[in-house]
Structures are given as structure tokens and as C-alpha cells.
Amino acid sequence: MDDGAAAIALTEAAKDKLKQVVAKIERLEEEKREIAAQIKDAYGEAKSMGYDTKALRAVVRLRRQDRQEREEQQSILDVYLLALGEI
């Protein structure tokens, strides 16, 4: 079945549901862009106050992780750095 036949084969209810799903995704994508702009502004504000944004991003990333997972990753990182003579 080609794409044209597949579109014709959809019932009106299925077409309506598809339109709703696409509209929802588009709305969420727009919200995501707006939130990304707000996050960028927050980092810009932090930078203007003298905070290191690279460090802030690392803190935010680390705080998203479970404490145990974060400690395990740090232990592995320490082992690797030690093996490479970096610490």
C-alpha cells in the first residue's frame, strides 16, 4: 500500500486522533523551545552575577543523578584518572 492509499484507508476518527496527536506534539515542542530560552536566560543572569556557568551546568547535571549513581561514577572516574597519572 502506498502512502496515498494508507492515508485514504484511515477512518475519519483515526484522522482526527492523528491531527490531535500532531497538534499536541507541536504544542509541546513550542513549550520546550520557550523553556529552553528561559533556561538560557537563567544561565545568562547567573553569569552576569559572576557565577561560572560551566560549573553550574555540571552541578545541575549531577543533581539530576541519584547520589549512589553519582558516587559510583566518581569512583570510576577517580580510578581512570589515577591509572592515567592525572591524580
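Here, each number is a calculation from the coordinates, and none is a lab measurement. Given the structure is predicted, the values throughout are model-derived calculations rather than measurements. Every residue, glycine as well, gets a Cβ built from its backbone with ideal geometry; the counts of neighbours run over all protein chains shown.
Considering only Leu56, Val79, Thr11, the residue lying farthest towards the positive end of the dipole of the chain is Leu56, judged by Cα position with unit charges set on Cβ.
Partner lysines whose Cα lies under 25 Å from the Cα of Lys15, excluding those fewer than 8 positions away in the same chain, are identified as Lys24.
Which value at 222 nm does the chain reach when only helices count, each DSSP H run of 4 or more adding -39,500 (n - 2.57), with the total divided by all residues and rounded to the nearest 500 deg cm²/dmol? Can you show the working numbers first?
Values: 4 runs with 73 residues, N = 87.
After summing the helix terms and dividing by the residues of the chain, the value is -28500 deg cm²/dmol.
Backbone phi angles across segment 40-47, fed through the Karplus curve with coefficients 6.51, -1.76 and 1.60 (θ = phi - 60°), yield HN-Hα couplings of 4, 4, 5, 5, x, 5, 4, 5 Hz in residue order; Gly and Pro are listed as x. Inverting the pair-averaged 1/r between distinct Cα atoms of the chain gives 18.0 Å as its Kirkwood hydrodynamic radius.
With charges only on Cβ, +1 for K and R and -1 for D and E, what is the dipole size of the chain about its Cα centre, in debye, rounded to 20?
On the way: 16 positive and 18 negative charges, 54 e Å.
Dipole size: approximately 260 debye.
Between Lys24 and Ile87, the modelled labels are 4.5 nm apart [label points 7 Å from Cα along Cα→Cβ].
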